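Beneath this line is the structure, given in structure tokens, with notes to follow.
The values are calculated or read from the model by the stated rules, or taken from the named source; none is laboratory data. Quick caveat: nothing in here was measured; it's all calculated off a predicted structure. Cβ sites come from the backbone with ideal geometry, for glycine too, and all protein chains shown count toward neighbours.
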């Protein structure tokens, strides 16, 4: 029997309602965002670390249009609905929302989470939404990432496989 998804994919308005309800219950809500294209162990570890910062985790996923604007015309590899669906099955994730903007600023402003988590590859002063979170007394946490696990690196390995060099690390 198939395991039901852990988290639903919801609209930004529905996510805001969920966040407000969780906060009324005394939960500390964590927000993170990203493309999450070609899900890999680095993503799973990152999301587990993000969830450890609070009681509930909201993951905002860039729409396909947003990804193309940020990463170029060859990305994403996996369509937005499928990327979001994959995240719903991960234990740390409580809800998933798609966003079409080039940054998550509007989503963060709408949701008003207690904790904002980004990868440590982002300079603290460049984290979008930082001021919003700090202004309401929240925290911004930079989680270490592992360069060994990245979508760009994975795409390079797959591309190299076409040239007969797959398996190199």
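Structural remarks
- Annotation note: of 41, 76, 92, the sole residue that is more than 21 Å from residue 127 (Cα to Cα), touching a strand residue (DSSP E or B) at 6+ places or on another chain (Cβ under 6 Å) and touching a residue at least 40 places away in the same chain (Cβ under 8 Å) is 92.
- Qualifying helices (runs of 4 or more DSSP H) (wholly inside the stretch 91-169; at least 1 residues being at pLDDT below 90 and within 21 Å of residue 41 (Cα to Cα)): 151-162
- Residues in the stretch 1-45 that are modelled with pLDDT under 95, surrounded by 14 or more Cβ atoms within 10 Å (Cβ to Cβ) and in a helix (DSSP H, G or I): 42, 43, 44, 45.
- Residue in the stretch 102-113 that is over 18 Å from residue 127 (Cβ atoms) and either in contact (Cβ under 8 Å) with a residue 12 or more places away in the chain or surrounded by fewer than 21 Cβ atoms within 10 Å (Cβ to Cβ) (or both) present: no
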